[in-house]
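Trainee: Let me begin by handing over the structure; questions about it come next.
Each reported figure results from applying straightforward, stated rules to the coordinates on display, with no laboratory input. Bear in mind that the values here come from a model prediction, so they are computed numbers and not experimental data. Every residue, glycine as well, gets a Cβ built from its backbone with ideal geometry; the counts of neighbours run over all protein chains shown.
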Amino acid sequence: MKVFEKSFTQQESIPEQGIAAAIEVMRSGRLHRYNTLPDEKSETDLLELEFADYQGVPYCLACSSGGYALHVAMRAAGVQAGDKVLCNAFTLAPVPGAIHNSGAVPVLVDVADDYCIDLDDLESKADASGAKYLMLSHMRGHLADMDRIMAICERFGLFLIEDCAHTMGASWNGRKSGTFGDVACFSAQTYKHINSGEGGFLTTRHPEVMARAIMHSGSYMLFERHFSAPPPETFEQIRYQTPNYSGRMDNLRAAILRPQIADLDSQCERWNQRYRLIEQTLADCASVSIPARPEAEHFVGSSIQFSLPQFNVEQIQAVVERCAERGVVLKWFGDAVPRDYTSRYDSWRYIQEMPQLPKTEQILSTLLDMRIPLTFSEQDCTLIAEIIVEVAAEVAEESQP
Ligand SMILES: *Cc1c(COP(=O)(O)O)cnc(C)c1O
């Protein structure tokens, strides 16, 4: 019997260049981003400039986490207590959590068969709710039709915040994910596309939004020391009105991240090689359904999602358990009990006026998810997919009358 033995949570080591730079920062003792010599750019400043350049946007703020970036994005956009924010029902807990943290109320939008936000439901909820903000989570790296998203935002005057935690390095029709919205947020947490343990970015092209985000992040009155930022005049109006929600990036983590930004595109290619191998092998299995991905979407296959549409709850549970026994860790987004990093929308019980979303529940009820760490070789990926195919076939066969 085939068994897989590596860990699904083991990442690659930090590039040697990053380790050397981190040691240099520690030797200097100047870990705080504003602890600079005159005219010196700290590691954090350089990281912001490099990521802004990578994205092709004017402004970037490095901060303490992706969830923090989402929270600050809403505050900087002017979200007020009680405001409604449209967001995917199929996402991870930090997204509705960030909306709650900003005092706003999430309006959950259905998932579609392609695992993206359901654009018809988005349209009708934008209309019915009167919400002025859309927090669009590119959940598990799936990019919805961005042309239609932009048309919907235009039509309803929605301020778009992109949650790019799973699309750092991805693009739609050659345009980078995170450059469509008014603001974009990224994560540098260990399980995302770059790894500093914790960390995040906020990018935008709006000078005022950026000025507020910098002040919120805990700049005190040191905002003039930001290089990927609007001119000091922009801060004149807002400096008295913008609370400090301390959540800065530090130079140690920035030092670790800089070489990873430089390597990002080649790392994304390595993810996609692994993704394609798994996808090809799973395609041989009659029970497995993987939605075709649009031509326009250049995604990053750091995880894979697939459905077993003919399987009932017991069969899905059997697949997850037997794969686990053979070393293959699958996550089930349909589980009524939140586990590990997955939780179904109805477990976020702090949301007032929780909607019923039968379509989302139906799609999530057979949706499985698997991480693809770069510590897996291509042979590992083929083996993993073969195990899934064997287990799915076994469970399907046992259920024959
Ligand atoms: C990880 C994640 C976040 C938040 O990132 P943290 O850095 O862990 O706070 C936001 N959205 C999604 C979809 C994520 O997976």
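Trainee: How much space per residue, in cubic angstrom, does the convex hull of the C-alpha atoms of segment 264-398 take up?
Mentor: 139
Trainee: Which angle between 0 and 90 degrees, to the nearest 10, do you get for helix 43-55 versus the longest principal axis of the chain when only C-alpha atoms count?
Mentor: Here the helix axis deviates by roughly 60 degrees.
Trainee: I've got another one for you. Which whole-Hz couplings ³J(HN,Hα) result when phi for each residue of segment 109-117 is put into the Karplus expression 6.51 cos²θ - 1.76 cosθ + 1.60, θ = phi - 60°, listed in order with x for Gly and Pro?
Mentor: 10, 4, 8, 9, 4, 8, 6, 8, 4
Trainee: Each residue of segment 6-12 in turn: what ³J(HN,Hα) in whole Hz from Karplus with 6.51, -1.76, 1.60 and θ = phi - 60°, glycine and Pro shown as x?
Mentor: 7, 8, 7, 10, 8, 9, 6
Trainee: Over the residues of the chain, compute the C-alpha Rg and express it relative to 2.2 N^0.38 Å.
Mentor: So the Cα radius of gyration is 1.01 times the expected 2.2 N^0.38 Å.
Trainee: What's the FRET efficiency of Thr382 with Leu222 using the Cβ-Cβ distance as r and R₀ = 60 Å, to the nearest 0.05?
Mentor: 0.70
Trainee: So for Leu31, Leu61, fewest C-beta neighbours within 10 Å to most, what's the order?
Mentor: Leu31, Leu61
Trainee: Over segment 264-398, what is the mean sequence separation of C-alpha contacts under 8 Å (at least six apart), divided by residue count, expressed as relative contact order in percent?
Mentor: 38
Trainee: Now for a separate question. Can you give the net charge of the other residues whose Cβ lies under 13 Å from the Cβ of Leu364, counting K and R as +1 and D and E as -1?
Mentor: Summing Lys and Arg as +1 and Asp and Glu as -1 gives -3.
Trainee: Ranked by Cβ crowding within 10 angstrom, fewest neighbours first, how are Met370, Met210, Met135, Met1 ordered?
Mentor: Exposure proxy ranking, most exposed first: Met1, Met370, Met210, Met135.
Trainee: Also, I was wondering about something else. What length, rounded to one decimal in nm, is gained on full extension from Ser289 through to Ser13, with 0.36 nm per residue of separation minus their alpha-carbon distance?
Mentor: 96.0 nm
Trainee: Further question: Specify which residue in the list Gly327, Ser302, Gln352 is farthest towards the positive end of the charge dipole of segment 249-394, using unit charges on the beta carbon of Lys, Arg (+1) and Asp, Glu (-1), about the Cα centre.
Mentor: Gln352
Trainee: Where does the chain land at 222 nm, in deg cm²/dmol rounded to the nearest 500, when only DSSP H runs of n ≥ 4 count, each adding -39500 (n - 2.57), divided by all residues?
Mentor: After summing the helix terms and dividing by residue count, I get -12500 deg cm²/dmol.
Trainee: Label Arg339 and Gln310 with points 7 Å out from Cα along Cα→Cβ: what is the distance between them in nm?
Mentor: Calculated label separation equals 2.4 nm.
Trainee: Compute the distance in nm between two label points, each set 7 Å from the Cα along the Cα-to-Cβ direction, one at Asn35 and one at Ser347.
Mentor: Taking the two extended label points, one gets 3.9 nm.
Trainee: For the pair Gln237/Asp263, report the inter-label distance in nm, with labels modelled 7 Å from Cα in the Cβ direction.
Mentor: The two pseudo-label positions are separated by 4.4 nm.
Trainee: Work out the length of the dipole vector of segment 264-398 about its Cα centre, built from +1 on the beta-carbon of each Lys and Arg and -1 on the beta-carbon of each Asp and Glu, and round it to the nearest 20 debye.
Mentor: Computed about the Cα centre, the dipole is about 380 debye.
Trainee: OK, next. Would you mind telling me which residue in Arg339, Arg175, Arg212 has the biggest mean-square fluctuation in a Gaussian network model of the chain, where springs connect alpha carbons within a distance under 10 angstrom?
Mentor: Of the options given, Arg339 has the highest mean-square fluctuation.
Trainee: Please report the relative contact order for segment 16-262, taking Cα pairs under 8 Å with a sequence separation of at least 6, and give it as a percent rounded to a whole number.
Mentor: 28
Trainee: Using the Cα centre as the reference, give the magnitude of the dipole from point charges on the C-beta atoms of the chain (Lys, Arg: +1; Asp, Glu: -1; all else neutral), rounded to the nearest 20 debye.
Mentor: 1100
Trainee: I've got another one for you. Pull up the cross-link candidates among the lysines for Lys6, meaning alpha carbon to alpha carbon under 27 Å and not fewer than 8 places away within one chain.
Mentor: Candidates past the 8-residue exclusion: Lys192, Lys331.
Trainee: Place +1 on the Cβ of every Lys and Arg and -1 on the Cβ of every Asp and Glu in the chain, take the dipole about the Cα centre, and give the residue among Asn244, Val3, Ile161 whose Cα lies farthest towards its positive end.
Mentor: The Cα lying farthest towards the positive end belongs to Asn244.
Trainee: Evaluate the relative contact order of segment 282-352 (contact order divided by residue number), counting alpha-carbon pairs under 8 angstrom at least 6 apart; express in whole percent.
Mentor: 17
Trainee: Could you go through segment 97-106 in sequence order and give the Karplus-derived ³J(HN,Hα) for each residue, using 6.51 cos²θ - 1.76 cosθ + 1.60 with θ = phi - 60°, rounded to whole Hz, and x for Gly and Pro?
Mentor: With the stated coefficients, segment 97-106 comes to x, 5, 5, 4, 4, 8, x, 8, 10, x Hz.
Trainee: Here's something else I'd like to know. Kindly work out what percent of the DSSP beta bridges joining two residues of the chain are antiparallel, to the nearest 5.
Mentor: Beta bridges within the chain, antiparallel portion: roughly 60 percent.
Trainee: Could you please rank Tyr245, Tyr133, Tyr240, Tyr341, placing first whichever residue has the fewest other Cβ atoms within 10 Å of its Cβ?
Mentor: In order of increasing Cβ crowding within 10 Å: Tyr240, Tyr341, Tyr245, Tyr133.
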